[in-house]
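What follows is a short report on a single structure.
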Amino acid sequence: MAPKFPDSVEKLRALGNESFRNGQYAEASALYGRALRVLQAQGSSDPEDESVLFSNRAACHLKDGNCRDCIKDCTSALALVPFSIKPLLRRASAYEALEKYPMAYVDYKTVLQIDNSVTSALEGINRMTRALMDSLGPEWRLKLPSIPLVPVSAQKRWNSLPSENHKEMAKSKSKATTATKNRVPSAGDVEKAKVLKEEGNELVKKGNHKKAIEKYSESLLCSNLESATYSNRALCYLVLKQYTEAVKDCTEALKLDGRNVKAFYRRAQAHKALKDYKSSFADISNLLQIEPRNGPAQKLRQEVKQNLH
């Protein structure tokens, strides 16, 4: 006699989650599928519930190595709720397993636009960059599909998700920071990082600061040991008025090189823009101890001094 399943979407989803946790992926997939059919029969007006069920079933397919059905379900989930992180990551993993590296790169890159510290996306971008360089050569970026621009509203929606998701992301961010700091880049990684940094520098000269940020970020994924890459990216953030990001990058630059004059100057500029005049003045004072005759720094010190009184 066939087992009797509940007809509640919530109960079916809970049973699916339990089966997934127990490693019973085929059973979990069937339960999510049943929940989807019930939900669709009810004519639910909430796309979020349907999207989650597609994404959960995609996770089952991925575990079972059924990459094509995983991609199909992730695409359905994203059609309902665009720029959801889990289906993007699952689809990227499936594309990567099928060696569709350009498609995987696009999905990992999209995730990093939503949250630039998701460990699996950072690691994925690193793997895809290497694979694409090896398979398509130095012009590999020209052969990529277009990367969608994530609207601010999608980022805000992600930030407003329940605290359970925030805890998951906090763990992910912590792992990402540790992994990046502990990884010792190979000689090949260092060389790739230099090439990417130079490409970023060229884009800055052309005034394309957004693209330059991408290059510097890719460079730092290969090797995060060069102070100038951080201070160069900070310049781009300053131009784009992303002052908090500029402060962070200058701080990283100064951890690597405590005498990086540009990092001190740019952090002072960012602090001034954020109206943190005390920190700005401290940075300028440190800079002038290294280069007492630095004209722009002397001028900035006068401007900041006026705001301190």
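Quick notes
- For segment 253-309, taking the residues that are over 29 Å from Ser217 (Cβ atoms) and outside any helix (DSSP H, G or I), the one that is most open to solvent (accessible area, probe 1.4 Å) is identified as Arg293.
- Close pairs from segment 125-149: first among the polar types (S, T, N, Q), partner open to solvent by 20 Å² or more (accessible area, probe 1.4 Å), Cβ under 8 Å, at least 6 apart: Asn126/Leu221; Thr129/Lys192; Thr129/Leu221; Ser135/Tyr101
- Ser217 vs. criteria under 16 Å from Asn126 (Cβ atoms), open to solvent by less than 60 Å² (accessible area, probe 1.4 Å) and modelled with pLDDT of 85 or more: yes
- Pair list, Cβ under 7 Å, 6 or more apart: segment 255-283 residue more than 18 Å from Leu240 (Cα to Cα), other residue among the β-branched types (Val, Ile, Thr): Arg259/Ile290; Val261/Ile290; Tyr277/Val304; Ser280/Val304; Phe281/Val304
- Filter pass, Tyr25 being crowded, with 17+ Cβ neighbours inside 10 Å, assigned by the TED database to the domain that holds Val111 and closer than 18 Å to Thr110 by Cα: no
- Residue within segment 198-208 that is open to solvent by less than 30 Å² (accessible area, probe 1.4 Å), under 17 Å from Gln113 (Cβ atoms), of a type outside the set (Asp, Glu) and assigned to a helix (DSSP H, G or I) present: no
- Arg91 satisfies every condition listed in (1) buried (at least 24 other Cβ atoms within 10 Å of the Cβ); (2) not in a helix (DSSP H, G or I) except (2).
- For Asp69, the conditions (1) among the charged types (D, E, K, R); (2) touching a His at 6+ places or on another chain (Cβ under 6 Å); (3) assigned to a loop (DSSP other than H, G, I, E, B) are fulfilled apart from (3).
The values are calculated or read from the model by the stated rules, or taken from the named source; none is laboratory data. The structure presented is a predicted model; accordingly, all values stated were derived computationally and were not measured. Cβ atoms come from the backbone with ideal geometry, glycine included; neighbour counts cover every protein chain shown. The accessibility values were calculated without ligands, DNA or RNA, using every heavy atom of the protein model including side chains. Shrake-Rupley method; radii C 1.70, N 1.55, O 1.52, S 1.80 Å.
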